[in-house]
Amino acid sequence: MAKLKVNEKALKKAHGLNKSHHYVLDSDWSEAQPTEGDENNYREAHGWEAYGEWFLAIDPDASAETKQHYKFPYGDFQRLHRSGVIAAKQRGAQNDYLAIEEAADELLTEIDKR
């Protein structure tokens, strides 16, 4: 299993989206998460760095310019989704990525204070 790390740039972006009220509090993440087509369109329009800011984790063993480098999406390339953060927290816990789980929990706590 890959050793994933918290994507600090994505976490900073997510906190900023929350503070600026660019979020969805009630969505079905299975329907709200970006499709592969959405991902490709966004990446082609904005580049790898901007694309990566929508994923709470990175795989340092994968090239930064591959989709395999980015894990745990939390938004739809426009807004943060509370359900996406919950999914990231749950997947982090299920796969023993404590740092990812904790980062998602911190973000979720901030969202829920609103």
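The values are calculated or read from the model by the stated rules, or taken from the named source; none is laboratory data. Remember, it's a predicted structure, so these values are computed and weren't measured experimentally. Using ideal geometry, Cβ is built from the backbone for each residue, glycine included, and neighbour counts are taken over all protein chains shown.
Only a single item in (1) surrounded by 12 or more Cβ atoms within 10 Å (Cβ to Cβ); (2) assigned to a loop (DSSP other than H, G, I, E, B); (3) out of contact with any Phe, Trp or Tyr (no Cβ under 7 Å at 6 or more places or on another chain) is not met by residue 105, and it is number (2).
Taking residue 82, is it farther than 16 Å from residue 5 by Cβ, of a type in the set (D, E, K, R) and crowded, with 17+ Cβ neighbours inside 10 Å?
Numbers: farther than 16 Å from residue 5 by Cβ: yes; of a type in the set (D, E, K, R): yes; crowded, with 17+ Cβ neighbours inside 10 Å: yes.
Against the criterion (farther than 16 Å from residue 5 by Cβ, of a type in the set (D, E, K, R) and crowded, with 17+ Cβ neighbours inside 10 Å), residue 82 qualifies.
Only residues that are more than 21 Å from residue 95 (Cα to Cα) and among the aromatic types (Phe, Trp, Tyr): list them for the range 41-59, please. Listed by number, the residues that qualify are 42, 48, 51.
Select, from 6, 24, the only residue that is within 13 Å of residue 84 (Cα to Cα), in contact with a strand residue (DSSP E or B) (Cβ under 7 Å, 6 or more places away or on another chain) and at pLDDT 95 or above. Walk me through it before giving the result.
Numbers: 6 fails: within 13 Å of residue 84 (Cα to Cα).
The match here is 24.
Selection of first residues in the range 68-94 that are assigned to a helix (DSSP H, G or I) and of second residues that are among the aromatic types (Phe, Trp, Tyr), restricted to Cβ pairs under 6 Å at least 6 apart or on distinct chains, gives the following pairs, ordered by first then second residue: 83/29; 84/29; 84/74; 85/74; 87/29; 88/72; 88/74. Taken over the range 5-57, residues that are in contact with a helix residue (DSSP H, G or I) (Cβ under 6 Å, 6 or more places away or on another chain) and under 24 Å from residue 97 (Cα atoms) amount to 10. Figure legend. Inter-residue proximity from the range 3-14: first residues more than 17 Å from residue 48 (Cα to Cα) and without any contact (Cβ under 8 Å) to a residue 60 or more places away in the chain, second residues in a loop (DSSP other than H, G, I, E, B) and not hydroxyl-bearing (Ser, Thr, Tyr), beta-carbon distance below 9 Å, spacing 6+ or different chains. Indicated pairs: 3/59; 3/60; 3/61.
Among the residues of the range 97-114, are any of a type outside the set (A, V, I, L, M), in contact with an Asp or Glu (Cβ under 7 Å, 6 or more places away or on another chain) and without any contact (Cβ under 8 Å) to a residue 60 or more places away in the chain? Let's see the steps before the verdict.
Step one: of the range 97-114, the residues of a type outside the set (A, V, I, L, M) are 97, 101-102, 105-106, 109-110, 112-114.
The next check asks that each one be in contact with an Asp or Glu (Cβ under 7 Å, 6 or more places away or on another chain); those that pass are none.
Checked the range 97-114: no residue is of a type outside the set (A, V, I, L, M), in contact with an Asp or Glu (Cβ under 7 Å, 6 or more places away or on another chain) and without any contact (Cβ under 8 Å) to a residue 60 or more places away in the chain.
In the range 26-62, which residue that is surrounded by 11 or more Cβ atoms within 10 Å (Cβ to Cβ), part of a loop (DSSP other than H, G, I, E, B) and of a type in the set (S, T, N, Q) is nearest to the chain's Cα centre (by Cα)? Applying the filter and picking the extreme gives 33.
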